[in-house]
Amino acid sequence: MGRYDFEVFGTAISPRSDDHDPLKLVTRNADLAEGNGLDGLLIFYNHTTFDPWITAGTILHTSRSLTPIVALQPYATPPFTAAKTIHSLVRLHGRRVDVNLITGAAREELDQVGEPLDHDGRYERAIEYAGILRSLLSADQPLTHEGRYYRYRNLRAHARLAPDLTPRVFVAGSSPSSRRAAAAVGDVAITHPEPVERFSSTFLDGPGPRPGIGIRVGIVARETGDEAWSAARARYPSDRRAELQVAMKRRSESDWSRRLARLAGPDGVHDQVYWTGAYRSGKGSTPLLVGTHREVADYLERYLALGVGTVILGGALDEEELRNISRVMADLRDR
């Protein structure tokens with residue numbers, strides 16, 4: 001075993017209503033992830049894509065070892081329903097299903113459902129939500145709960161799971177509210193990281209116990225640096241319209257979006273490896289690590305040395321990209 005103990009997840013393809021043969025898309029995505037040694041797939045939630053729980057069931061059915069991390073949105077799925085769904089998937093497939101507790105960053109979707117809570121209020125609700133979910137999954141005794149957002153009287157979900165099959169709770173975000181939620185109910189706090197030195201002094205600062213740390217990044221690695229940067233810039237070209245959108249995002253409600261917008265300068269390159277090109281082009285939300293296999297592995301190692309234990313890869317990855325990423329991860333695991 002190498003010096004670092006870490007896990008690597010991909011991002012699941014989330015089919016849309018007009019996609020041709022969506023089952024083939026999801027199955028192929030799972031096959032590539034498993035075939036290239038990923039531990040699981042993160043599944044998004046928004047109003048335009050398939051239900052993430054149905055997608056998770058398909059991934060479990062068509063793979064042998066992948067663990068889905070399912071986006072769990074409190075306004076869309078009551079905790080009782082989430083507990084029953086998780087319990088059913090786990091018992092049917094005999095594998096753990098993790099959850100990514102989200103609060104919603106798309107203002108138009110929040111408006112569509114009449115969401116009354118502001119940014120901080122949504123994280124307060126998420127804390128109460130996660131507490132109820134854990135209670136329903138850990139015991140079969142009736143649950144009575146009188147909270148600010150949820151009330152139950154003698155509720156029995158019949159959803160108890162063995163400890164080793166109980167989901168881990170990932171909490172996404174970098175704002176003070178998200179970090180409080182992660183500290184209160186999370187097993188892993190997930191963020192889009194800043195360049196490693198800044199990440200160390202911002203996201204990792206503060207006293208007290210912390211959950212595990214995860215980062216979501218894209219990777220473009222090749223035999224030479226020129227090949228990697230050529231591939232990255234071809235995939236994420238920028239234009240004037242995209243640059244104006246980045247400028248507007250500096251006033252976003254989302255803390256991570258404001259942080260990345262501030263990093264997206266004239267070329268968006270930091271430390272010769274970290275690049276905001278996907279964000280600057282409007283074609284992605286994660287920072288990219290670009291360079292030779294060794295350069296990317298060296299930069300990732302600096303995050304791991306700070307305590308990062310989960311890496312979630314951004315973007316839809318084809319077979320070539322996954323082969324190159326596998327080389328980076330093998331390098332890290334051999335150190």
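Within the group 161, 92, which residue is closer than 28 Å to residue 13 by Cβ and loosely packed, with under 15 Cβ neighbours inside 10 Å?
Details: 161 fails: loosely packed, with under 15 Cβ neighbours inside 10 Å.
One residue alone meets the criteria, 92.
Here is a list: 120, 140. Which entry is in contact with a helix residue (DSSP H, G or I) (Cβ under 7 Å, 6 or more places away or on another chain) and surrounded by fewer than 16 Cβ atoms within 10 Å (Cβ to Cβ)?
Checking each option against the conditions leaves just 120.
Would you confirm, using the coordinates I've provided, whether residue 36 is crowded, with 20+ Cβ neighbours inside 10 Å, polar (S, T, N, Q) and over 22 Å from residue 178 (Cα atoms)? When the stated conditions are applied, residue 36 does not pass them. Per the conditions (1) among the small types (Gly, Ala, Ser); (2) surrounded by 14 or more Cβ atoms within 10 Å (Cβ to Cβ); (3) at negative phi, the sole criterion not satisfied by residue 65 is (2). Residue 49 fulfils the conditions (1) out of contact with any helix residue (DSSP H, G or I) (no Cβ under 7 Å at 6 or more places or on another chain); (2) closer than 17 Å to residue 161 by Cα; (3) of a type outside the set (A, V, I, L, M, F, W, C); (4) open to solvent by less than 60 Å² (accessible area, probe 1.4 Å) except for a single criterion, (2). Hey, any hits in region 149-169 for a residue that's basic (Lys, Arg), closer than 23 Å to residue 102 by Cα, touching a strand residue (DSSP E or B) at 6+ places or on another chain (Cβ under 6 Å) and not in a helix (DSSP H, G or I)? There is at least one residue in region 149-169 that is basic (Lys, Arg), closer than 23 Å to residue 102 by Cα, touching a strand residue (DSSP E or B) at 6+ places or on another chain (Cβ under 6 Å) and not in a helix (DSSP H, G or I). Among the residues of region 148-158, which ones are surrounded by 14 or more Cβ atoms within 10 Å (Cβ to Cβ) and in contact with a helix residue (DSSP H, G or I) (Cβ under 7 Å, 6 or more places away or on another chain)? Result: 149, 150, 155, 157.
Hey, among 210, 125, which residue is under 27 Å from residue 4 (Cα atoms) and not hydroxyl-bearing (Ser, Thr, Tyr)?
On the way: 125 fails: under 27 Å from residue 4 (Cα atoms).
Residue meeting the stated conditions: 210.
Counting just the residues of region 7-18 that are touching a Leu at 6+ places or on another chain (Cβ under 6 Å) and in a loop (DSSP other than H, G, I, E, B), which one comes out surrounded by the fewest Cβ atoms within 10 Å (Cβ to Cβ)? Steps first, please.
So in region 7-18, the residues touching a Leu at 6+ places or on another chain (Cβ under 6 Å) come out as 8-13, 15.
In the following step, the residues that additionally are in a loop (DSSP other than H, G, I, E, B) were identified as 12-13, 15.
Working: 12: 28, 13: 23, 15: 21.
Filtering region 7-18 for residues that are touching a Leu at 6+ places or on another chain (Cβ under 6 Å) and in a loop (DSSP other than H, G, I, E, B), the one surrounded by the fewest Cβ atoms within 10 Å (Cβ to Cβ) comes out as 15.
The single condition among (1) part of a helix (DSSP H, G or I); (2) closer than 23 Å to residue 191 by Cβ that residue 74 does not satisfy is (1). For region 270-310, the set of residues classified as part of a helix (DSSP H, G or I) and more than 24 Å from residue 258 (Cβ to Cβ) consists of 293, 294, 295, 296, 297, 298, 300, 301, 304, 305, listed by residue number.
Only residues that are within 27 Å of residue 75 (Cβ to Cβ) and without any contact (Cβ under 8 Å) to a residue 60 or more places away in the chain: list them for region 30-52, please. Listed by number, the residues that qualify are 40, 41, 43, 44, 45, 48, 49, 50, 51, 52. Taking the criterion of being within 10 Å of residue 279 (Cβ to Cβ), part of a helix (DSSP H, G or I) and without any contact (Cβ under 8 Å) to a residue 40 or more places away in the chain, the only residue of region 255-269 that qualifies is 261. Which of the residues that make up region 97-135 are in contact with a strand residue (DSSP E or B) (Cβ under 6 Å, 6 or more places away or on another chain), assigned to a loop (DSSP other than H, G, I, E, B) and over 22 Å from residue 176 (Cβ atoms)? Answer for region 97-135, where residues must be in contact with a strand residue (DSSP E or B) (Cβ under 6 Å, 6 or more places away or on another chain), assigned to a loop (DSSP other than H, G, I, E, B) and over 22 Å from residue 176 (Cβ atoms): just 97.
Take residue 99 and decide whether it is open to solvent by less than 20 Å² (accessible area, probe 1.4 Å) and either at pLDDT 95 or above or of a type in the set (A, V, I, L, M) (or both). Before you say what the answer is, go through the steps one by one.
Numbers: open to solvent by less than 20 Å² (accessible area, probe 1.4 Å): yes; either at pLDDT 95 or above or of a type in the set (A, V, I, L, M) (or both): yes.
Taking the combined requirement at face value, the residue satisfies it.
Residues are listed down the side, and each one gets a yes or a no for (1) more than 27 Å from residue 309 (Cα to Cα); (2) open to solvent by 50 Å² or more (accessible area, probe 1.4 Å); (3) at pLDDT 90 or above:
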position	(1), (2), (3)
216	no, no, yes
226	yes, yes, yes
243	yes, yes, no
254	no, no, no
258	no, yes, no
262	no, yes, no
267	yes, yes, no
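When each of 81, 27, 55 is tested for being hydroxyl-bearing (Ser, Thr, Tyr), more than 23 Å from residue 104 (Cβ to Cβ), at pLDDT 95 or above and part of a helix (DSSP H, G or I), the lone residue that passes is 27.
The values are calculated or read from the model by the stated rules, or taken from the named source; none is laboratory data. Model, not experiment: these values are computed from the prediction. Backbone-built Cβ (ideal geometry, glycine too); neighbour counts: all protein chains shown. These accessible areas exclude ligands, DNA and RNA; they are computed on the full protein's heavy atoms, side chains included. Shrake-Rupley method; radii C 1.70, N 1.55, O 1.52, S 1.80 Å.
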